[in-house]
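S.K.: I'd like to ask some things about the structure below.
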Amino acid sequence: MSATSGTAPDLPTAAPHTQLSHRQIVSILTGLMLGMFLAALDQTIVATSIRTIADDLQGLDRQAWATTAYLITSTIVTPLYGKLSDIYGRKPFFLAAISIFIAGSVLCTFAGSMTELAAFRAVQGLGAGGLFSLALAIIGDIVPPMERAKYQGYFLAVFGTSSVLGPVIGGFFAGMPSLLGIAGWRWVFLVNVPVGLLALVVVMRTLRLRHTRQDHRVDWWGAVALSLGLVPLLLVAEQGREWGWTATSSLACYAIGAFGIAAFVLIERWMGAEALLPMRLFTNRTIGISSLASTVLGMALFGGIACLPLYLQIVKGSSPTMAGLQLLPLTLGIMSGSVISGQTISRTGKYRVFLRIGAPLIALALFVFHYVAWDTPLWQIMIVSTVFGLGMGFMMQPLMLAVQSAAGPGDMGIATASATFTRQIGGTAGTALFLSILFAALPNRIAEALDTARATPDFQAALADPANAEFVQQLQTGAVGDTLLKDSSILNALDPRLAQPFLQGFAEAMDRVFLVAACVMVLGVVITWLIPQISLRRPAPREAPVIAE
């Protein structure tokens with residue numbers, strides 16, 4: 001029977017009415033959580049250490065590439081993993097995703113420039129695209145909707161744990177000059193190898209779902225068109241500030257991207273049930289609106305994660321380890337929101353209320369971040385971070401539940417992948433756009449702060465101090481601005497009186513980023529109010545998967 005005809009492809013070949021026991025589900029969860037932990041840890045560990053990495057590789061202003069390259073490839077392959085796993089089964093693709101991720105991590109360890117790091121992070125992304133979506137799809141296969149919030153809470157616990165450990169581990173490695181003869185920050189990627197190998201072993205031993213192979217066409221042309229649409233648009237989002245938004249190269253990217261997206265839509269319509277992202281999914285009101293909400297959420301999430309560590313390390317002068325610890329209130333908010341929403345949804349089946357609370361909380365937090373200055377007390381930043389995280393926790397699980405509940409059993413993999421896909425589209429675009437706004441505004445903001453500082457007695461005294469003669473010379477030639485955009489670590493050893501206008505410039509440039517993000521999230525508030533409530537009190541699929549003998 002066709003995988004797209006309404007019957008779930010991962011159905012068992014025996015015991016058609018047997019559901020998995022709690023013990024069997026937990027045994028499967030062990031392997032899935034390790035795979036998800038691998039991807040979640042990498043996101044948080046890199047976010048805290050990227051400033052140190054970029055400074056060492058002389059490319060602070062190009063750090064967005066290390067993130068966007070990862071997000072571009074993971075975004076493109078996410079629906080491909082969902083479609084292929086719907087056809088051929090989840091396990092082989094989950095194992096392949098882990099293996100590719102490990103290989104990409106090893107390559108990142110040997111990066112010698114930001115360009116090489118971006119290329120190797122793209123390899124990592126090819127694996128990461130399957131880790132989140134396939135883990136969630138497998139749970140969607142084996143657990144009925146009403147119970148799903150409870151078991152997905154395990155995944156959110158993994159996300160929360162990685163959010164706590166990642167910044168601390170990333171800061172620890174980034175703060176070390178070397179370990180066993182290898183630069184400290186390179187261990188940020190190397191640590192993925194043992195975790196990944198353990199995940200491979202556990203998944204091979206625990207994930208034993210029966211699957212009957214079903215041959216269908218794979219929408220490779222759709223994947224090519226999607227790449228052709230996304231890559232040029234994300235390229236211009238990152239490079240537009242250097243090229244000029246109306247330069248010939250930018251206009252060419254707009255045109256190629258628009259052509260790619262139009263071709264993707266036409267190909268998906270032509271492929272019909274075999275499409276990489278079946279268009280019929282998005283005609284479902286719940287899936288269509290939830291996908292828009294996921295896109296906006298991704299922009300806010302990745303934009304905040306990209307900017308907050310930079311603020312703490314550059315403006316506040318925190319070490320990578322300390323910045324990781326200072327992000328714990330954000331993590332606490334995410335974990336608290338996830339636990340509260342998950343437990344409540346499990347009891348009541350109502351998820352829409354959390355969407356309508358979470359989106360305004362995120363918008364409010366981003367708007368308040370807009371007023372954070374270079375000398376704002378840390379305790380105030382931590383309070384806002386907690387609110388930001390709480391809003392995220394309220395939205396992440398309910399959006400996934402809404403999409404999975406609206407999809408039929410045969411579309412579980414591709415529907416889950418579509419939800420992950422749209423969130424990553426937002427995250428990729430948000431990271432490229434927000435960091436582009438930051439570094440585009442930075443020179444002017446620093447120049448304005450310097451002009452103001454030159455009139456103050458403290459700054460004049462610092463200029464006259466012989467100990468600052470070398471920096472004063474760079475300031476006079478104008479070379480210091482370009483140097484800071486490549487390597488911000490020079491601020492750490494600078495006279496505080498001279499460093500202040502640069503810190504102020506960084507903070508004011510980030511203000512603009514948070515204001516734009518808040519405006520985007522206001523749109524998210526409107527969208528979440530349009531998401532309908534679907535009852536989660538539905539029976540499990542008629543033929544629940546069983547563990548193979």
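S.K.: When you check Tyr70 against the structure, is it of a type in the set (Phe, Trp, Tyr) and more than 14 Å from the chain's Cα centre (by Cα), yes or no?
M.R.: Against the criterion (of a type in the set (Phe, Trp, Tyr) and more than 14 Å from the chain's Cα centre (by Cα)), Tyr70 does not qualify.
S.K.: Cβ-Cβ distance below 9 Å, separation of 6 or more or different chains: which pairs start in the stretch 502-516 with a residue that is within 18 Å of Phe388 (Cβ to Cβ) and end on one that is among the aromatic types (Phe, Trp, Tyr) and outside any helix (DSSP H, G or I)?
M.R.: Correct list of pairs: Ala507/Trp374; Asp511/Tyr371; Phe514/Tyr371.
S.K.: Which numbered condition trips up Gly389, out of (1) over 27 Å from Ser346 (Cα atoms); (2) part of a helix (DSSP H, G or I)?
M.R.: So Gly389 meets the others, but not (1).
S.K.: Still on this structure, I have one more. Could you please let me know if Ile340 is surrounded by fewer than 17 Cβ atoms within 10 Å (Cβ to Cβ), in a helix (DSSP H, G or I) and not small (Gly, Ala, Ser)?
M.R.: yes
S.K.: Next question, about the same structure. Filter the stretch 498-529 for residues that are farther than 20 Å from Tyr371 by Cα and within 21 Å of the chain's Cα centre (by Cα) and give the result.
M.R.: Leu523, Gly524, Val525, Ile527, Thr528
S.K.: Which one of the conditions (1) at pLDDT 85 or above; (2) crowded, with 20+ Cβ neighbours inside 10 Å; (3) closer than 30 Å to Pro496 by Cβ does Phe354 fail to meet, given that it meets all the rest?
M.R.: (3)
S.K.: Among the listed residues Leu277, Leu301, Leu233, Leu281, identify the single one that is crowded, with 17+ Cβ neighbours inside 10 Å, at pLDDT below 80, outside any helix (DSSP H, G or I) and in contact with a helix residue (DSSP H, G or I) (Cβ under 9 Å, 6 or more places away or on another chain).
M.R.: Working: Leu301 fails: outside any helix (DSSP H, G or I); Leu233 fails: outside any helix (DSSP H, G or I); Leu281 fails: outside any helix (DSSP H, G or I).
Answer to the selection: Leu277.
S.K.: Counting just the residues of the stretch 116-160 that are farther than 18 Å from Val26 by Cα and either surrounded by fewer than 24 Cβ atoms within 10 Å (Cβ to Cβ) or touching a Lys or Arg at 6+ places or on another chain (Cβ under 7 Å) (or both), which one comes out modelled with the lowest pLDDT?
M.R.: Residue satisfying both the conditions and the ranking: Gly160.
To keep it simple, each residue is scored yes or no on (1) surrounded by fewer than 21 Cβ atoms within 10 Å (Cβ to Cβ); (2) at pLDDT below 75; (3) among the charged types (D, E, K, R).
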| position | (1), (2), (3) |
| --- | --- |
| Leu11 | no, yes, no |
| Thr30 | yes, no, no |
| Met33 | no, no, no |
| Thr73 | no, no, no |
| Ile76 | no, no, no |
| Gly89 | yes, no, no |
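The values are calculated or read from the model by the stated rules, or taken from the named source; none is laboratory data. What you see is a predicted model, and the numbers here were worked out from it, not measured in a lab. Ideal geometry is used to build each Cβ from the backbone, glycine not excepted, and the neighbour counts take in all protein chains shown.
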